[in-house]
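Notes follow the structure.
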Amino acid sequence: MEKVTLEHDISVFYVKAHSFPDVILEVHTRLHSLIPDSNTRQTYGISHPENGAIVYKAGFEEKFTGEVAAHNCETMVLNKGEYYSIMLRDFMNSPNSVKNALTTLLALPGFNRQGYCVERYLNEKDVECMIRVAD
């Protein structure tokens, strides 16, 4: 575990999963079908509890202001600041690795309990799991 800093707010447009964790791959596939250059995009998985259930969103960083209007998606902001982080290499070969990393991060003291669990997909094999440190 380490700490990383997001230097600026990140505007993300996303597709929301209708259930969790059953359709995570499906929602990422749907998101990638929206954008022709999706392989060049920074991709995120964003989750948080809401009314006793986990809400999961797959999103892309918005490249320019107003881009989201063309894709009929909702938006949110990942706030700049310090995050606890665990890097996972070749995560697809360990099906529970993301869940285990997020569980480890959520057990740490001092994270922002109003924030989100964030998966930042660096490529097809590596993902950085993060939670924001409390202000």
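Counting Lys and Arg as +1 and Asp and Glu as -1 over every other residue whose Cβ lies under 9 Å from the Cβ of Cys129, the net charge comes to -1. Applying 1/(1 + (r/R0)^6) with r as the Cβ-Cβ distance of Glu82 and Ala107 and R0 = 22 angstrom yields a FRET efficiency of 0.80.
Helix content alone sets the calculated 222 nm mean residue ellipticity of the chain: runs of n ≥ 4 DSSP H residues at -39500 (n - 2.57) each, divided across all residues, give -4500 deg cm²/dmol.
Check Thr43: other-chain or 5+ apart residues with amide H under 5 Å from its amide H, H built from backbone geometry? Here Tyr121 satisfy the definition.
A DSSP coil position with no more than 14 other Cβ atoms inside 10 Å describes the following chymotrypsin sites (Phe, Trp or Tyr not before Pro) in the stretch 28-108: Phe64. Inter-label distance, Leu122 to Arg89: 0.9 nm, where each label sits 7 Å from its Cα along the C-beta direction. Taking Cα atoms only, the orientation of helix 24-34 departs from the longest principal axis of the chain by about 40 degrees.
Ignoring ligands, DNA and RNA, please state the percent of accessible area on the chain from carbon and sulfur, probe 1.4 Å.
Values: 3950 of 7890 Å².
About 50 percent, which is the carbon plus sulfur part of the accessible surface.
Taking the C-alpha atoms only, the angle from helix 97-106 to the longest principal axis of the chain is near 60 degrees.
Taking semi-axes √(5λ) of the Cα gyration tensor in Å as the quantity of interest, determine which of (i) 20, 17, 13; (ii) 37, 13, 12; (iii) 22, 17, 15 was computed from the displayed structure. Recomputing semi-axes √(5λ) of the Cα gyration tensor in Å here picks out (iii). Between the stretch 17-64 and the stretch 70-112, the C-alpha centres lie 12 angstrom from each other.
The values are calculated or read from the model by the stated rules, or taken from the named source; none is laboratory data. Owing to the predicted nature of the structure, the values given are computational and were not obtained by experimental measurement. Here the Cβ is made from the backbone with ideal geometry for all residues, glycine too, and neighbour counts use every protein chain on show. Heavy atoms of the whole protein, side chains included, go into the accessibility calculation; ligands, DNA and RNA do not. Shrake-Rupley method; radii C 1.70, N 1.55, O 1.52, S 1.80 Å.
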